[in-house]
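Please see the structure below; I have some questions.
The values are calculated or read from the model by the stated rules, or taken from the named source; none is laboratory data. Quantities reported herein were computed from a predicted structural model and do not represent experimental measurements. Cβ atoms come from the backbone with ideal geometry, glycine included; neighbour counts cover every protein chain shown. Side chains included, ligands, DNA and RNA excluded: accessible areas come from the protein's heavy atoms. Shrake-Rupley method; radii C 1.70, N 1.55, O 1.52, S 1.80 Å.
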Amino acid sequence: MAGVIQLGKRRWVAGMTWASYEDKPNKVELREDAQRLNSTWTAVRIGEDCIQSGFCSAIEGEKVGKLYSLAAMLADSRKQPWLGTFKIADDLWWYVAVRDGHAILPDGDVLGGQEEIYAARDRHSGYTDWNYVDGDLELLETLIKDVDDGPTRISSLDGNPHLPKILAGAAIGLLAAGATGWWLHQQHEQEAAKQRAAMARMREQLAHANLNEKPITSTPATSMPVAAEFLRSCGDAVTLPISQYGWLIDGVSCAVDHATVMWARKDGATVEFRPEGQLSDDGEKVTQTISLSLDQHSKDDRIQLNEAAKRLREWTQAAGFKLDLKPPTNDKKPMTLPGADATAAPPPPPPEQSVSISINISIFDLEIPDIPGLRLSTINMTATGWELIGALYGR
């Protein structure tokens, strides 16, 4: 689904499908690819290391001469490979994925709801070296201002004004901080693409069915923040001067709702001037507790446990981290009381594996990939680096 986002004085198209070329494509090539993708609009991007064209269906009420590709504008702006998730409104997000010559992935330009964004990220989670960018309209405006190159204009490949028009839904206009506003226009596929439209409707129905369906088994994963958010919140809380009044940081740890910083008294320091926190009985230590403003809920993103474990191992091996992954637990069926109806027994608890990851670099510059079902409960500073402790939850 392509739509229009207004940032500043320009209107940007997001949600295009991208194809790469060895040389700049001519009109014939563009028309052939557009026909294959059931599209009528394109944006030809001549990047630093790649040549690409984005395709989408026409958006009713919009003129191509005044529209530009958002993904093409930002693809070269970050260190590759990079993956961005931007909140446009409460129920609207934009996702972009760029790698290998700053090429936008074919399905790496997605505009939609949270479910669509999660699905897009999940498709690309096999890559373990992403640089992540998360933000909103205000950050998008900032990123665009930092780009020196001019924008890539959207053009039309439809030269026949009598071709069937594309149906469009109602436009939605919302004001958002940092932007003058945005308009999103939904559209359906052309009637000639009946098969593609039918597939889209089927996927939508399945998505709604999954949302309304109660999970077979409950899971602690939904009452814990995802690993990347926990790590980020912990890092923000413990970013402190290493020394205060002659007291030095002697230890750092984080639980899911608070961070703990241990301070040790050094020569010349006194208890009269000391960091905030609880003073030990001998006056040599101060324990500072910092609350984490962290949502303790998350989406149920579990997949098959063996597949999640494979993704976790791939990431830790590629990064050179030590992974201690305990054998799965909760693989026994719950006990049924004598005389009870066996068919009414509760479902078995979901499988899980205890996780410990030893890291010898600063974790606060670390980007944890989107590994489904991974939840951290504790972050500890060690003599050689850091230890992340948690669990991997599966279905």
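For the subset of the stretch 340-366 comprising residues that are open to solvent by 60 Å² or more (accessible area, probe 1.4 Å) and touching a Leu at 6+ places or on another chain (Cβ under 9 Å), which member is modelled with the highest pLDDT?
354
What residue, of 103, 58, 75, is touching a Cys at 6+ places or on another chain (Cβ under 9 Å), under 26 Å from residue 25 (Cα atoms), open to solvent by 10 Å² or more (accessible area, probe 1.4 Å) and in the same structural domain as residue 134 (by the TED database)?
None of the other options fit; the residue is 103.
Now a separate question. Limited to the stretch 89-100, what total is found for residues that are more than 14 Å from residue 133 (Cα to Cα) and buried (at least 20 other Cβ atoms within 10 Å of the Cβ)?
1
Does residue 1 meet the test of being part of a helix (DSSP H, G or I) and either farther than 19 Å from residue 156 by Cβ or open to solvent by 10 Å² or more (accessible area, probe 1.4 Å) (or both)?
no
Going through 285, 310, 299, 326 one at a time, which residue ends up being open to solvent by 30 Å² or more (accessible area, probe 1.4 Å) and more than 30 Å from residue 353 (Cβ to Cβ)?
285
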